[in-house]
1. Determine, yes or no, whether Arg141 is in contact with an Asp or Glu (Cβ under 6 Å, 6 or more places away or on another chain), under 14 Å from Thr200 (Cα atoms) and either open to solvent by 70 Å² or more (accessible area, probe 1.4 Å) or of a type in the set (Phe, Trp, Tyr) (or both).
2. Which pairs have Cβ atoms under 6 Å, sit 6 or more apart or on different chains, and link a residue in the stretch 83-112 that is part of a strand (DSSP E or B) to one that is open to solvent by less than 30 Å² (accessible area, probe 1.4 Å) and among the β-branched types (Val, Ile, Thr)?
3. Being farther than 23 Å from Gly199 by Cβ and among the small types (Gly, Ala, Ser), is that true of even one residue in the stretch 89-98?
4. Being among the charged types (D, E, K, R), over 29 Å from Pro113 (Cβ atoms) and modelled with pLDDT of 85 or more narrows it down to one of Arg141, Arg184, Arg136, so name that one.
5. Of the residues in the stretch 120-129, how many are of a type outside the set (Ser, Thr, Tyr), within 15 Å of Ile192 (Cβ to Cβ) and out of contact with any helix residue (DSSP H, G or I) (no Cβ under 6 Å at 6 or more places or on another chain)?
6. Filter the stretch 42-64 down to the residues that are surrounded by 13 or more Cβ atoms within 10 Å (Cβ to Cβ) and modelled with pLDDT under 80 and list them by number.
7. Are there any pairs with C-beta distances below 8 angstrom linking a residue in the stretch 182-197 that is under 19 Å from Arg122 (Cα atoms) to a residue that is of a type in the set (Lys, Arg), with the two at least 6 apart or on different chains, and if so which?
8. Is it true that Val123 is closer than 19 Å to Ala156 by Cβ, at pLDDT 90 or above and part of a helix (DSSP H, G or I)?
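The values are calculated or read from the model by the stated rules, or taken from the named source; none is laboratory data. Since we're looking at a predicted model, the values are computed, not measured. Note that we place each Cβ from the backbone using ideal geometry, even for glycine, and neighbour counts take in every protein chain shown. Accessible surface is based on the protein model in full, side chains and every heavy atom, while ligands, DNA and RNA are left aside. Shrake-Rupley method; radii C 1.70, N 1.55, O 1.52, S 1.80 Å.
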Amino acid sequence: AQFAREILNVQESERRRLAHELHDSLGQELLLIRNTALLAAKRSQGPAGPLADIADRASRTIEEVRTIAYALRPQELDRLGLVRALETLCQEMGETGGLQVDFSVEPGLPPLPPETQIGLYRVAQEALSNVLRHARARRIRCDIQALDSGWCVTMADDGVGFPVSPDPMTREGLGLLGMHERVRLCGGDLEIHSSPGTGT
């Protein structure tokens, strides 16, 4: 368990480094390219079409870089904390899939260690991704409550559901297995309740 925890910590550290490199280095270079093209287009005596195209393409690429950097390491997690990061994740996933999102938080949640925070965020990310890919849901709900010295996070959808095996090791899909492993390494428990036609 300690070895697996160390591997996840190294992965998250590398993700953080890559996110900063993408945002700070590549993002700034693209911004310079865009601004240079816009300035040249403004000063140009002839048609500015190609320069405007370069500026437009650079703008779109900047947004793509930001999206990738955010997926690697959400800035809200570092700047605003886990609750806000989870709320933003739910809202963005909901908008992507055209879903209604209900998000509620019980006040007075106990603090969580950094490795537990990122583990919980990644589990929520995988759960929401599964909803978008498989559930055909109209609505998702995320409730966060205090539980002893930790948190209880409940995520539910009104989608098509699926048959749940009693043994998580026999479930198809690396996503569910990865969720179980992350929660286990954080010292928690993951329960998945679903059946065809009932949501998850």
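1. Yes; evaluated as a whole, the condition is true for this residue.
2. Close Cβ pairs (under 6 Å, with a partner that is open to solvent by less than 30 Å² (accessible area, probe 1.4 Å) and among the β-branched types (Val, Ile, Thr)) amount to Val101/Ile140; Val105/Ile144.
3. Looking for residues that are farther than 23 Å from Gly199 by Cβ and among the small types (Gly, Ala, Ser), one finds none in the stretch 89-98, hence no.
4. Every option except Arg136 fails the conditions.
5. Result for the stretch 120-129: 1.
6. Ser44, Ala48
7. Listed by first residue and then by second, the contacts come to Arg182/Arg122; Leu185/Arg5; Leu190/Arg184.
8. Yes.
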